[in-house]
1. Which condition breaks for residue 61 when tested against (1) under 18 Å from the mean Cα position of the chain (by Cα); (2) over 23 Å from residue 290 (Cβ atoms); (3) part of a helix (DSSP H, G or I)?
2. Restricting the search to segment 83-106, which residues are part of a helix (DSSP H, G or I) and touching a helix residue (DSSP H, G or I) at 6+ places or on another chain (Cβ under 6 Å)?
3. Taking only segment 125-163 into account, find how many residues are in a helix (DSSP H, G or I) and surrounded by 20 or more Cβ atoms within 10 Å (Cβ to Cβ).
4. Kindly indicate whether residue 186 is at negative phi, assigned to a helix (DSSP H, G or I) and either touching a strand residue (DSSP E or B) at 6+ places or on another chain (Cβ under 9 Å) or touching a residue at least 60 places away in the same chain (Cβ under 8 Å) (or both).
5. Checking residue 188 against (1) surrounded by fewer than 21 Cβ atoms within 10 Å (Cβ to Cβ); (2) modelled with pLDDT of 95 or more; (3) within 20 Å of residue 100 (Cα to Cα); (4) under 18 Å from the mean Cα position of the chain (by Cα), only one condition comes out false. Which one?
6. Quick check on segment 223-254: of everything there that is in contact with a helix residue (DSSP H, G or I) (Cβ under 7 Å, 6 or more places away or on another chain) and not in a strand (DSSP E or B), which residue is farthest from residue 145 (Cα to Cα)?
7. Identify, by number, the condition in (1) surrounded by fewer than 22 Cβ atoms within 10 Å (Cβ to Cβ); (2) assigned to a strand (DSSP E or B) that residue 214 doesn't meet.
8. For segment 297-336, enumerate the residues that are over 24 Å from residue 70 (Cβ atoms), touching a strand residue (DSSP E or B) at 6+ places or on another chain (Cβ under 7 Å) and not in a helix (DSSP H, G or I).
């Protein structure tokens, strides 16, 4: 499959490496409106000048591609998607799907109208830790979980002037989508409502609130608490966060990227063991790209399709709306 990558910032350079590792993918167009950035990427990766373009319109006119890889900021995603679908191209787009929920729904509708494959890069769910945990829950190791707690504390987005430091609710919007999507995948359940409070501590360097506590109710009465601080200068969490999943037969915990099963009750012998993580042929971005290619070739909906990802993104916007309005927000309000 031949692709055009749009947006040549730092994240794009990672995607170029991923594409080069996949024998089924060849990038034939590199789009970036800033000439200096185009030149830097061309020099770094040894790109021919005829593959460099200032706009997607120019690239579509000059090269014959199968898909677009969108690595632009969230505010630009709708414009890129609209242009890609109009040109008959499939789309693999960076998360979040959009920084506006109405725009996200329009993107999904445009993909369906064009009959094109559309996938969002939720690479965290393709890791060994969430994949193994999902399997163990499906197998019933701890019974039906009822309580989940996720903590995330990082000195995050420290470079001044980026959209991460200037946008409102940066941690919910940019990092929250990773964890909220993993929750849906790992638990195998859909969320129903959200209640959240957000804030900034006095030393914070983000313009928008970078701290939050959000409580989500999922199907079956399962309650999830997600608490986070994006300007933590204390003990740093792994990027996946620290998880605790409680069921009637014990707990599964993510501790510094290790997975533990624990059962402790006065009537039982104490049991605690580290569970080896499942071996996977590919993980992260590599697994995600392989899934996208397979879905296009097989004519099926991919994991993390735009349509499905709306449910993950709804958690983000329901939490933001809850924080603004001081009330519990039903996800149906956004998804209808």
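The values are calculated or read from the model by the stated rules, or taken from the named source; none is laboratory data. The shown structure was predicted, so the numbers you read here are calculated from the model rather than taken from an experiment. For neighbour counting, all protein chains shown are included, and Cβ atoms are generated from backbone atoms with ideal geometry for every residue, glycine included.
1. Residue 61 satisfies every listed condition except (1).
2. Taking segment 83-106 and keeping what is part of a helix (DSSP H, G or I), we get 83-86, 101-106.
Listed by number, the residues that qualify are 83, 85, 101, 103, 104.
3. The number of residues fulfilling the criteria is 6.
4. Yes, satisfied.
5. It fails just one condition, (3).
6. For segment 223-254, the residue satisfying everything is 230.
7. (1)
8. Applying the first criterion (over 24 Å from residue 70 (Cβ atoms)) to segment 297-336 yields 318-319, 321-333, 336.
Okay, now just the ones that are also touching a strand residue (DSSP E or B) at 6+ places or on another chain (Cβ under 7 Å), so 318-319, 321-323, 328-331.
Hits for segment 297-336 are 328, 329, 330.
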